[in-house]
1. When only residues in the range 149-201 that are within 33 Å of the chain's Cα centre (by Cα) and without any contact (Cβ under 8 Å) to a residue 24 or more places away in the chain count, which is surrounded by the fewest Cβ atoms within 10 Å (Cβ to Cβ)?
2. Within the range 409-443, count every residue that is in contact with a Lys or Arg (Cβ under 8 Å, 6 or more places away or on another chain) and open to solvent by 10 Å² or more (accessible area, probe 1.4 Å).
3. State all residues of the range 309-345 that are closer than 21 Å to Gly526 by Cα and among the small types (Gly, Ala, Ser); if no residue qualifies, say none.
4. How many residues does the range 217-249 hold that are surrounded by 12 or more Cβ atoms within 10 Å (Cβ to Cβ), farther than 24 Å from Arg429 by Cβ and out of contact with any Asp or Glu (no Cβ under 6 Å at 6 or more places or on another chain)?
5. May I ask you to verify whether Val219 is within 30 Å of Asp419 (Cα to Cα) and in contact with a strand residue (DSSP E or B) (Cβ under 7 Å, 6 or more places away or on another chain)?
6. What are the residues in the range 552-581 that are surrounded by fewer than 17 Cβ atoms within 10 Å (Cβ to Cβ) and at pLDDT 95 or above, if any?
7. Give Gly127, Gly112, Gly107 a once-over and let me know the one that is out of contact with any Pro (no Cβ under 7 Å at 6 or more places or on another chain), at pLDDT below 90 and open to solvent by less than 10 Å² (accessible area, probe 1.4 Å).
8. Do the conditions hold for Ile717, that is, is it touching a residue at least 24 places away in the same chain (Cβ under 8 Å) and either under 20 Å from Gly592 (Cβ atoms) or surrounded by 24 or more Cβ atoms within 10 Å (Cβ to Cβ) (or both)?
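The values are calculated or read from the model by the stated rules, or taken from the named source; none is laboratory data. Just so you know, these numbers come straight off a predicted model, no measurement behind them. With ideal geometry, Cβ positions are generated from the backbone for all residues, glycine too; neighbour counts draw on all protein chains shown. Each accessible area value is taken on the protein alone, full model and side chains, heavy atoms only, with ligands, DNA and RNA left out. Shrake-Rupley method; radii C 1.70, N 1.55, O 1.52, S 1.80 Å.
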Amino acid sequence: MQRRDFIRSAGVAGGLLLSFQELMAGSWEAKLVAPGTVVPGTALGDFVRIDANGDVLFQFVKHEMGQGVATAMAQILADELCADWEKVRIAFPDADMQRYQNDRNGGHDTGGSCTIIYQWDLLRTAGATVKQMLIAAAARQWNTAPEQCYAEKHYVFQKNTAKKLAFGALALSAAKLPVPAKVELKKAIDFQIIGKSKPAKLVPKIVTGELKYGMDVKVPGMLYAVIARCPVFKGKLKSFDASEAMKIAGARDVFSTQPIAGLQLNAPYMPYDIREGVAVVADSFWAARQMQAKLIIQWDEGPNGKLSSPDFEEMAWARATHRTDPTGFIGDANAVADLNHVRKTVRASYVYPQQLHSCMEPLNCTAHMGEDGCEIWIGTQAPHLIDSEIRRVFGFSQDSVKIHLCPSGGGFGRRYYPDMAVEAAFVSRQAGNVPVKMIWTREDDHQANLAHLFQHMEYQAALDKDNNLYAWYEKEIRTYTWSARYMDPKLPSMAYAIPNVRYDFEDMIQQELVHSSAWRGVDGHGRFYGECFLDEVAAELKRDPLEFRLALLNGGKDTYVGDAIPVHGSRILRVLKLAAEKAKWGEPLPPGRGKGIAVSTFGYSYCAVIADVTMHENKLTINKMTIAIDCGKVINPSGVEQQMTGGIVWSLTALLYGGLPIKNGRAVHTNFHENKLLRMNECPPMEVHFVDTDEQRPGGVGEVSSPLGVPAVLNAIFAASGKRIRKIPLEMQGIGTA
């Protein structure tokens, strides 16, 4: 365990209920609670419950948004418990800030590919603890020592006898026993469920409609709300006329909403702002939608109302031509201009435009405000931010916000932000403290939502007289800050052995036309254009791109590059070599066909992607994407494979169709017919291969592949056609799909 915790056990309705709580005294401690007792602050958020019939209910306190993490986490717990996988079910308890958000082993928040990493130890210990208590209960009943018993597939057996008892039959008596202070975890070789491909547990409920999302929430007396937000970011409301809107059958209320400044603490860590607008409230969503259409609104669009995407990109270009103080550097910060060493310099600029999150389930939140508190129903990646922001904005005290957690139909980072809950709470209050479900329409989602950040990457490489890569200069200009500056003068994302490296950074938060936010892969997308620029350097040196990378990895030496954890060069080498082997890198190809490679790390995981493409008369065919992943201990290979290919799908969407064009401050795209996503028939064949590793801990997999599809394909396009593409989407560059 990395965290001080203790276990509380309780017999509940004939079963065993076990939970973890922050430790006050520094050691494991048991606290028995009578059946049916409600303990304030601890009644929610339990991890394990075994019913009298033996069903294991895993209380999933993270966020399931389609990534399948609930199944993987249940596998961890079930394996240590020695449970029958078929008897394990998943439940979604309400948020509990006291129990979980203070727990440094996990918390409710789901992001940064950290969900399993943070709860690996916790869930293993939970499963092992429950198992040991069940064994102790069986030993008591048989009047023997626990060492004479063992658990296997939902039963406790007595050694050398035919005696066995089911978990369900032991649950209540086990709950009355003291919780062991220490438990022994399985050795990896004994895992039965971890490491095995398992279908997502929730799929049957999803396909039958049994699984309830935030959009399905219904509360007695609930009204529906839609908000007309200023279509121009930073615009204001001048006036509105709701006389026609209030004639719609079912209309209840219309009022203006206020702009709300987002997070103040640690800003701009997770910056957000709520736009000013006009809210309509009605008996049904359809009525609210009709009311929204009938509103006559005058907006003050502000300075952004005169700007379009080319204007913004021109501002970024102006910054690219001058240097700032380096954010980080290795060696000589000015080496790229060292005339005594440099034979030649190579220079290139790349642009990664903003992207929409395009969640299949539109943003929504149901809120019921009271005088001293609020109740929320929502699918969110960060309930703790909702709790803190609602309390900050409305002046509520601790424990005054009750949040019911729902799964969601896609998050991709967007549901980490608390704005929809704050906005819904405001509408509920203005409507008279009635429960209100606030829904973003598809058009709202496309025209007034947060978007992934804009990145302009400026690269310069210096080659010395012996044709070595002597210096690397990288300047990033973007609209979103996320640890732009490092405590130590080290670089982000680079593990190549280059003697002199410099990284400059400027933000354009004040100039942005659309409010920026995290997306799947956070800020890595533009940065991994560096994999394209490295290809440019390799081409200048007439070296094979793979061989050039391997040579720069210096035999797999570990490197610190600005993050808190080292980048293991040996693991980068292994994913590169595995991807190359599986993709048959180096095989002769016909004219018009080429392969491109890109590699990256995210947290504790490593990934290499090779794209195989054909270019014919400016038409692109992606023949195949080969992915090699080293994510440490693999919990559910099937789930990891889906995460890897899903990340590539979003990457290829950005490559082919993505971007958020702005004209006169307004998003040009209004819905999916204009903001196209990669369709199933457009998805190329993909293969995912796992590096054979001795790593005993899992790494995250939600973010590591999504930034790599773009550089891999762009490098492949160059290999196939000689064209260097430095800005996406391809359709804006005159390249279509075959």
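1. If we filter the range 149-201 for residues that are within 33 Å of the chain's Cα centre (by Cα), which is where we start, we get 183-201.
Those left that are additionally without any contact (Cβ under 8 Å) to a residue 24 or more places away in the chain: 187, 189-190.
Values: Lys187: 8, Ile189: 5, Asp190: 11.
Step by step, filter the range 149-201, then rank; the result is Ile189.
2. 3
3. Answer for the range 309-345, where residues must be closer than 21 Å to Gly526 by Cα and among the small types (Gly, Ala, Ser): Ser309, Ala316, Ala318, Ala320, Gly328.
4. So the count comes out to 4.
5. Here the answer is yes, as Val219 does meet what is asked.
6. Looking only at the range 552-581, we keep the residues that are surrounded by fewer than 17 Cβ atoms within 10 Å (Cβ to Cβ), and these are 554-558, 560, 563-566, 570, 577, 581.
Result: Lys577, Glu581.
7. Gly107
8. Numbers: touching a residue at least 24 places away in the same chain (Cβ under 8 Å): yes; either under 20 Å from Gly592 (Cβ atoms) or surrounded by 24 or more Cβ atoms within 10 Å (Cβ to Cβ) (or both): yes.
Here the answer is yes, as Ile717 does meet what is asked.
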